[in-house]
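Worksheet for the structure shown next.
The values are calculated or read from the model by the stated rules, or taken from the named source; none is laboratory data. Please read all numbers here as calculations on a predicted model, not as lab measurements. Cβ atoms come from the backbone with ideal geometry, glycine included; neighbour counts cover every protein chain shown. These area figures cover heavy atoms from the full protein model, side chains too; ligands, DNA and RNA do not enter into them. Shrake-Rupley method; radii C 1.70, N 1.55, O 1.52, S 1.80 Å.
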Amino acid sequence: MPNKNTLFIGKVVHAFEALASTNSYAQELLAKSKPTEGTVISAATQTAGRGQIGSKWESPEGESLSLSVILYPHFLQARKQFELNMAATLALRDALSAYAKSVVSVKWPNDVYLGPRKVAGILIQNQLAGQLVQHSIIGTGVNINQRAFPPELPFATSLYLDTGLIHDLDEVAASYLQALEQRYLLLRAGQTTRLRRDYYQHLTGYQELRTYRLPDGREFEAEAAGVDEAGRLLLRISGELQPFALKEIALVPDIS
C-alpha cells in the first residue's frame with residue numbers, strides 16, 4: 001500500500017508474496033525502464049536475499065521485513081557514495097528506535113544492532129555515470145517477529161526477542177520509509193556534516209577501545225575514530241590511524 005506520510009518514497013510499491021531478491025527485481029526494473037524515484041519492491045519471503053559480499057539474509061515468511069528502494073541521487077559524487085550508506089543506515093536506526101527496548105546502534109558499515117545483537121542489514125547497489133551516481137538500490141532486511149535463529153546465526157536478534165511483542169510489518173516498513181526520505185532529503189540538501197555527526201553518535205565502538213579481528217584470526221584492541229570518504233573504517237592503533245575496508249576487519253561481538 002502506498003505510504004501516506006512521505007513525499008515520494010513508497011508512493012509506488014511492487015509487493016510480492018515471494019521473490020528471489022528484492023534488489024535483483026529492482027535491477028530488472030531499472031534495466032527495462034526508469035521507475036519513479038522512491039519506488040519500493042517488497043517481498044513476504046526472499047529465497048535468495050543477499051548481504052554484503054555474497055552473504056545471505058534469512059527471510060522467513062511473515063517474520064521479517066524485506067524491501068528495496070530505488071533512488072536517483074544524481075547529486076552524489078561517486079567518491080562519496082558512503083554518504084548514502086550513512087543516510088540509509090541512520091534511517092533504519094531512527095525507525096527501529098521507536099519500537100525497541102534495547103539501545104539501537106549502527107555497526108560499520110551498514111548493520112543495525114539492538115544491544116549487542118544484529119537485527120538488520122542494508123545492501124546498497126550503486127550504478128555510476130562518470131563521477132556521479134546514476135541510480136541506487138537500497139536493499140533492507142529486518143528481523144521483526146522471529147522467535148529463534150539457527151545455530152549459524154548466534155548473534156542475531158529480532159524486535160520480538162527484544163520487546164516480547166509481535167509487530168506489524170507494514171507499520172514498521174512505513175516508519176522506515178518515512179525516516180529514509182527524511183535522511184535522504186538531508187543528504188540531497190548537502191547536510192553531510194549532520195549525517196556524519198549522527199552516524200558517529202550511534203556507531204558501535206566509536207572512540208571506545210574494543211577488540212577487532214583480522215581475516216587470519218588475529219585479534220587486537222583499537223579505537224574507532226571514524227570513517228573516511230571511501231567508506232573505510234578508521235581505527236586508532238597504538239596512536240596511529242589505519243583504514244580498513246569491508247571484510248578486512250571485524251568487530252568482535254561483546255556478548256556477556
Mind listing the phi-derived Karplus ³J(HN,Hα) values for the range 178-194, rounded to whole Hz, using 6.51, -1.76 and 1.60 with θ = phi - 60°, and x for any glycine or proline?
5, 5, 5, 4, 4, 5, 5, 5, 4, 4, 5, 7, x, 7, 6, 4, 5
Can you tell me the dipole magnitude for the range 132-251 around its Cα centre, using point charges on the Cβ only (Lys, Arg +1; Asp, Glu -1), in Debye to the nearest 20?
260
Roughly what % of Cα-Cα distances in the range 112-212 sit above 19 Å, to the whole percent?
59
Once all protein chains are kept in place, residue 247 shows an accessible area at probe 1.4 Å, nearest 10 Å², of 120
Expressed in angstrom and ordered largest first, the alpha-carbon extents of the chain along the principal axes are 51, 45, 30
Antiparallel as a % of all DSSP beta bridges within the range 112-256, to the nearest 5?
95
Along the charge dipole of the range 72-230, pointing to its positive end and built from +1/-1 on Cβ of Lys, Arg, Asp and Glu, which listed residue (211, 135, 153) has its Cα farthest out?
135
Exposure rank, largest accessible area first [167, 74; 1.4 Å]:
74, 167
Between 42, 33, 66, where does the largest GNM mean-square fluctuation fall for the chain, given springs only between Cα atoms within less than 10 Å?
33
Express in whole angstrom the spacing between the alpha-carbon centres of the range 223-256 and the range 93-127.
18
Taking the chain as a Gaussian network, where each spring joins two C-alpha atoms under 10 Å apart, which residue of 153, 241, 180 fluctuates the most?
153
Give the residue from 73, 87, 233 lying farthest towards the positive end of the charge dipole for the chain; charges sit on Cβ (+1 for Lys and Arg, -1 for Asp and Glu) and the dipole is referred to the Cα centre.
73
Just 239, 139, 190 to compare: in a GNM of the chain, with alpha carbon springs under 10 Å, which one fluctuates most?
239
Starting from a Cα-only point model with no solvent, please compute log10 I(q)/I(0) by Debye for the range 1-148 at q = 0.11, 0.17 1/Å.
-0.40, -1.00
Run through the DSSP bridge list for the chain and note the antiparallel percent, rounded to the nearest 5.
85
Can you run the Rg to Rh ratio on the range 60-130? Use alpha carbon positions and the Kirkwood inverse-distance Rh.
1.02
Relative contact order in percent for the range 154-241 (Cα pairs under 8 Å, 6+ apart) equals 13
Student exercise, the chain dipole from Lys, Arg, Asp, Glu Cβ charges, in Debye to nearest 20:
540
Note to self, the chain gives a 222 nm [θ] from helices alone (DSSP H runs n ≥ 4, -39500 (n - 2.57) apiece, / all residues, nearest 500) of -7500 deg cm²/dmol
Counting only pairs 8 or more places apart or on different chains, how many lysine pairs in the chain have C-alpha atoms closer than 25 Å?
13
Per the rule of 0.36 nm per residue minus the C-alpha distance, extending residue 7 to residue 237 adds in nm 78.3 nm
Quick one: give the max-minus-min coordinate of the C-alpha atoms of the range 175-229 along each principal axis, largest first, in Å.
41, 22, 18
